[in-house]
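S.K.: Here's a structure for you.
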């Protein structure tokens with residue numbers, strides 16, 4: 001009888017440990033999701049004003065046609 | 001959306017290296033790095049041709065494909081740029097590029113490669129437009145200033161064309177139609193003699 005009780009308490013202990021570690025892992029994943037945001041920011045950082053057919057550029061095209 | 005392209009007209013290039021100098025000056029390119037070079041084919045032989053070569057900003061860039069850290073990216077105008085903060089200097093892009101565009105600084109100690117450097121089509125890099133950091137790492141960002149690359153604007157004979165690919169193609173097509181090719185080119189007989197009398201008689205002194 002006492003042996004059975006000891007087995008039960010051990011199972012309870014193991015179950016508690018398992019549940020708490022799973023909860024911990026979920027918390028880590030949840031906290032990692034916002035950390036992925038800087039990747040999107042890096043994409044924006046790479047955005048530049050870029051090419052525009054300004055008067056300067058059109059003048060160059062004109063001279064290149066000579 | 002315009003697509004940025006370079007095109008060198010070999011019939012017009014006079015191997016003056018003005019484009020090379022303009023690039024060096026504009027971007028303060030470090031010693032040992034040449035973002036642009038002039039390559040001469042059949043040097044010294046009548047009819048030699050020179051072509052100005054730099055990064056061609058390929059549509060399907062091999063450097064992009066082989067980079068193990070994925071430091072390359074393409075802008076909306078099709079300019080292939082890279083992030084020096086991500087580059088590990090492995091040199092794979094150097095071996096993959098058919099134009100020899102990726103360059104590595106030569107001034108480092110013990111043969112250390114350092115970060116890769118290449119032509120940016122004068123479009124800077126991932127830093128803020130025309131910031132100090134951008135200039136230090138990638139050179140001038142003329143595109144965002146409404147200008148074209150310094151090499152292109154410097155070319156005295158307009159051999160090196162650059163800018164919107166459609167416009168550049170139209171300019172080159174017009175030239176090719178007007179002048180023809182080979183011996184049909186204007187000034188060919190003055191420069192090289194008539195096509196059938198190109199070779200000087202034996203024993204003639206130049």
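S.K.: Please work out whether the stretch B:96-135 counts as rounded, prolate or oblate from its C-alpha gyration tensor, where a ≥ b ≥ c are the square roots of the eigenvalues and a/c under 1.5 means rounded, while otherwise a/b larger than b/c means prolate and anything else oblate?
M.R.: On the way: a/c = 3.39, a/b = 1.40, b/c = 2.43.
Here the stretch B:96-135 falls in the oblate category.
S.K.: By per-residue mean of other Cβ atoms within 10 Å, what is the highest-first order of A:13-20, B:74-81, B:145-152? Can you show the working numbers first?
M.R.: Numbers: A:13-20: 10.0, B:74-81: 19.6, B:145-152: 21.9.
The most tightly packed comes first, giving B:145-152, B:74-81, A:13-20.
S.K.: Still on this structure, I have one more. To the nearest 10 degrees, how steep is helix B:18-27 against the longest Cα principal axis of chain B, on a 0 to 90 scale?
M.R.: Between helix and principal axis, roughly 10 degrees.
S.K.: Work out the mean other chain Cβ neighbour count within 10 Å for the residues of B:123-132 and drop it here as an integer. Before the final figure, lay out each step's value.
M.R.: On the way: counts 4, 2, 3, 7, 3, 2, 4, 2, 0, 0.
Going residue by residue through B:123-132 and averaging, the value is 3.
S.K.: Using the alpha carbons of the stretch B:1-59, what is the convex hull volume per residue in cubic angstrom, as a whole number? List each step's numbers first, then the result.
M.R.: Working: hull volume 7.1 nm³, N = 59.
So the per-residue Cα hull volume is 120 Å³.
S.K.: Sticking with this structure for a sec: By counting other Cβ atoms within 10 Å of each Cβ, how are B:171, B:14 ranked from fewest to most?
M.R.: Details: B:171 20, B:14 12.
The order, fewest Cβ neighbours first, is B:14, B:171.
S.K.: From the square roots a ≥ b ≥ c of the eigenvalues of the alpha-carbon gyration tensor of the stretch B:123-188, which class results: rounded (a/c under 1.5), prolate (a/b over b/c), or oblate? List each step's numbers first, then the result.
M.R.: On the way: a/c = 4.60, a/b = 2.93, b/c = 1.57.
Prolate shape, in that a/c is at least 1.5 and a/b is the bigger ratio.
S.K.: What is the P(r) of the stretch B:66-170, as percent of Cα-Cα pairs per 10 Å bin from 0?
M.R.: Computed distribution, short to long bins: 14, 41, 34, 10, 1.
S.K.: Residue A:21 to residue A:53: extension gain in nm, 0.36 nm per residue of separation minus the Cα-Cα distance? Write down the numbers at each step before the final one.
M.R.: Working: separation 32, 0.36 × 32 = 11.52 nm, distance 5.96 nm.
Contour length minus the Cα-Cα distance gives 5.6 nm.
S.K.: In 5 Å bins starting at 0, how do the alpha-carbon pair distances of chain B split up by percent?
M.R.: Per 5 Å bin, starting at zero, the Cα-Cα P(r) for chain B comes out as 1, 7, 13, 17, 18, 14, 10, 7, 5, 4, 2, 1, 0 percent.
S.K.: Need one number: nm distance between label points at residue B:41 and residue A:63, each 7 Å from Cα along Cα→Cβ, rounded to one decimal.
M.R.: Taking the two extended label points, one gets 2.8 nm.
S.K.: Also: Kindly identify the stretch B:28-119 as rounded, prolate or oblate by the Cα gyration tensor criterion: order the square roots of the eigenvalues as a ≥ b ≥ c, call it rounded if a/c is under 1.5, otherwise compare a/b with b/c, prolate if a/b is larger, else oblate. Don't jump to the answer; show the numbers that get you there.
M.R.: On the way: a/c = 2.25, a/b = 1.39, b/c = 1.63.
Oblate.
S.K.: Okay, moving on. Just checking the output field for B:160-172: average partner chain Cβ neighbours within 10 Å of each residue's Cβ? Show your work: numbers first, answer last.
M.R.: Details: counts 1, 3, 2, 7, 4, 0, 0, 7, 2, 0, 2, 5, 1.
Mean partner shielding for this stretch: 3.
S.K.: Express the C-alpha Rg of the stretch B:75-117 as a ratio against the empirical globular expectation 2.2 N^0.38 Å, rounded to two decimals.
M.R.: On the way: Rg = 11.6 Å, N = 43, 2.2 N^0.38 = 9.2 Å.
Dividing the Cα radius of gyration by 2.2 N^0.38 Å gives 1.26.
S.K.: Further, regarding this structure: With runs of 4+ DSSP H residues as the only contributors, calculate the mean residue ellipticity of chain B at 222 nm using -39,500 (n - 2.57) per run, divided by the residue total and rounded to the nearest 500.
M.R.: Values: 7 runs with 52 residues, N = 206.
One gets -6500 deg cm²/dmol as the mean residue ellipticity at 222 nm.
S.K.: Average partner chain C-beta neighbours within 10 Å, per residue of A:55-64? Let's see the in-between values first.
M.R.: Working: counts 1, 6, 9, 2, 1, 9, 8, 1, 2, 17.
Other-chain Cβ atoms within 10 Å of each residue's Cβ, averaged: 6.
S.K.: Packing-wise, with mean Cβ within 10 Å as the measure, how do B:115-127, B:38-50, B:88-100 rank, highest first?
M.R.: On the way: B:115-127: 25.1, B:38-50: 12.5, B:88-100: 15.5.
Going from most to least packed, we get B:115-127, B:88-100, B:38-50.
The numbers here are math on the coordinates, done by the rules we state, and not lab data. All values reported here derive from a predicted model rather than from experimental measurement. Reconstructed Cβ throughout: ideal geometry from the backbone, glycine too, with neighbour counts over all protein chains shown.
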